[in-house]
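Colleague: A single structure is presented below for examination.
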Amino acid sequence: MRRPTPLLLPALATVLLLSACGTQHAGPGSTGLGVSTPSPGARVTDPGVDGVRITSVTVPSPSAPSPSPRRSLSVTADRLPTGPLTGISAAYEVTNRGSEAMTYTILVDFTDDAGEVMGNQRETVRAVGPGRTVRGTVTLGAATPGASSVTRAEVADVTKVPAAEAPAEAGDCPSSGIRVTADQGDAAMGLRVVGLHLENCGPRDYTVHGYPLLELLDDDREPVDGVEILEGSGEITTGAGPDVPPEPVTLKPGETARASLVWRNTTGFGTPVNVPYVRVRAKAGADPVVVTPGLDLGTTGKLGVRPWERTAG
C-alpha cells in the first residue's frame, strides 16, 4: 500500500519591514523562515499619532491544497489558526518627544482593505524616557469573525500621562500602598458611569472618607474650566441610585473600594466639553494618579461624583 504524501503547511506570510532609510520589502518568492512575500495592501501609518506608529504588519497566509496521492483520496489543508503564536500582529514604535518620562496607552485597529475594523487591541507602554524610542508588538490574538481578511493595522488612539502619575500595573504596588484605576464605564440612554477603583495593596490599613478629589484635564493635561463637579449624582440622574452621605471606609490589606463618575453627554446650546484625562487623589494628601476615562460631557457642564464605598466580596 502506498503511503499518503505528508502535508506541508506554508510559512507565515506578510512581513512588511521598515528601515531608517525607508520601506523595505521581502524579496518576491522569498521562503526564508518566518519571511515571505508581503500581502497586497499592507501599509504603515506614517507619521503616526502623537509619536506612535506602526512599523510592520504580519498576517498568516491561507494554506494551499496538497496534491492528491490517489484519485480516491483528496487532501486539503485548513487555514492556519490566528492564535497567540501564529496570529495577526503589528509591530509599533513609541517615541517620546517631550521633556519627561511618559506612559502611553495605544489602541491599534486591524482593518481590511476597505478600512473596516476587524478587531483591535489596546497596549500600555510604560515609562518612555524623554527622547527615547520603545518598540514592541501587539497581537490581535485568536481568530474572530472577519479576521481572516485583515490586511492593515493603524494607530486609532493614543493617550499618555506622566509616568510618575500613571496607574500602577496589575501586580505592582506603588510606594503609597494604594492602587487607583478607572474602568471602561457603562452607558445607557445618554447616561455615562465610570468606576474609580481603590485597592489597598500595602501592608497597613488605609482609610478614606468622602469623595475622591478630581482635577479635569484637557488633551495637553491642562485644567478644564466651566465644569461643575457635584458631590453625588442626584442632580444628574436617579438611575445611579439615591445619594447617601459618605461614611469612613477603612480598607485592610487586599481590600477595595469604589467611587463613580456620573454624567450625561447630551448636547444643546454651547460648546461640548471633552475631558480625556482626570487627575485623581483618593483623599487629601494622597499621591495623584491620572486616569483616562474620556469624559464626553456634552454641553451639560456637570459631573457627579459618588463617594467611596467598600466593594462587596
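The values are calculated or read from the model by the stated rules, or taken from the named source; none is laboratory data. None of the values given here were measured: they were computed from a predicted structure. When we count neighbours, we look across all protein chains shown, and the Cβ atoms used for this are built from the backbone with ideal geometry, even at glycine. We work out accessible area using only protein heavy atoms, side chains counted, and drop any ligands, DNA or RNA first. Shrake-Rupley method; radii C 1.70, N 1.55, O 1.52, S 1.80 Å.
Colleague: Looking at region 184-203, which of the residues that are open to solvent by 30 Å² or more (accessible area, probe 1.4 Å) and within 21 Å of residue 298 (Cβ to Cβ) is farthest from the chain's Cα centre (by Cα)?
Modeller: So the residue we want is 189.
Colleague: If I filter region 248-263 for residues that are free of Cβ contacts under 8 Å to residues at least 40 places away in the same chain and either out of contact with any strand residue (DSSP E or B) (no Cβ under 7 Å at 6 or more places or on another chain) or within 18 Å of residue 193 (Cβ to Cβ) (or both), do I get at least one hit?
Modeller: no
Colleague: Here is a follow-up. Would you mind telling me which numbered condition in (1) crowded, with 16+ Cβ neighbours inside 10 Å; (2) part of a strand (DSSP E or B); (3) of a type outside the set (A, V, I, L, M, F, W, C) residue 137 fails?
Modeller: It is condition (1) that residue 137 fails.
Colleague: Could I ask something else about it? Take residue 154 and decide whether it is surrounded by 13 or more Cβ atoms within 10 Å (Cβ to Cβ) and at pLDDT below 95.
Modeller: Judged against the criteria, residue 154 is a match.
Colleague: Kindly list, by first and then second residue, each pair from a residue in region 159-172 that is in contact (Cβ under 8 Å) with a residue 40 or more places away in the chain to a residue that is part of a helix (DSSP H, G or I) and buried (at least 19 other Cβ atoms within 10 Å of the Cβ), limited to pairs with Cβ atoms under 6 Å and residues at least 6 apart or on different chains.
Modeller: Once the first residue is in contact (Cβ under 8 Å) with a residue 40 or more places away in the chain and sits in region 159-172, no partner that is part of a helix (DSSP H, G or I) and buried (at least 19 other Cβ atoms within 10 Å of the Cβ) comes close enough.
Colleague: Of all residues in region 268-307, which are of a type in the set (Asp, Glu) and open to solvent by 60 Å² or more (accessible area, probe 1.4 Å)?
Modeller: Within region 268-307, 287 is the sole residue that qualifies.
Colleague: Can you spot a residue in region 163-172 that is of a type outside the set (Ser, Thr, Tyr), at pLDDT 95 or above and more than 17 Å from the chain's Cα centre (by Cα)?
Modeller: yes
Colleague: When you look at residue 232, is it within 21 Å of residue 291 (Cβ to Cβ), more than 23 Å from the chain's Cα centre (by Cα) and modelled with pLDDT under 95, yes or no?
Modeller: In short, yes.
Colleague: Quick test of your reading of the structure: residue 250 fulfils all but one of (1) part of a loop (DSSP other than H, G, I, E, B); (2) loosely packed, with under 14 Cβ neighbours inside 10 Å. Name the failing condition by number.
Modeller: Answer for residue 250: the failing condition is (1).
Colleague: Every residue in region 269-303 that is under 15 Å from residue 161 (Cα atoms), in a loop (DSSP other than H, G, I, E, B) and in contact with a Leu (Cβ under 8 Å, 6 or more places away or on another chain), please.
Modeller: Correct list: 276, 293.
Colleague: For residue 115, indicate whether it is open to solvent by 20 Å² or more (accessible area, probe 1.4 Å), out of contact with any Pro (no Cβ under 8 Å at 6 or more places or on another chain), at positive phi and modelled with pLDDT under 90. Can you show your working first?
Modeller: On the way: open to solvent by 20 Å² or more (accessible area, probe 1.4 Å): yes; out of contact with any Pro (no Cβ under 8 Å at 6 or more places or on another chain): yes; at positive phi: yes; modelled with pLDDT under 90: yes.
In short, yes.
Colleague: Report, by residue number, each residue of region 204-223 that is surrounded by 15 or more Cβ atoms within 10 Å (Cβ to Cβ), of a type outside the set (Lys, Arg) and under 23 Å from residue 104 (Cβ atoms). Quick ask: steps written out before the conclusion?
Modeller: Initial filter on region 204-223 (surrounded by 15 or more Cβ atoms within 10 Å (Cβ to Cβ)): 206, 208, 210-217, 221.
In the following step, the residues that additionally are of a type outside the set (Lys, Arg) were identified as 206, 208, 210-217.
Listed by number, the residues that qualify are 214, 215, 216, 217.
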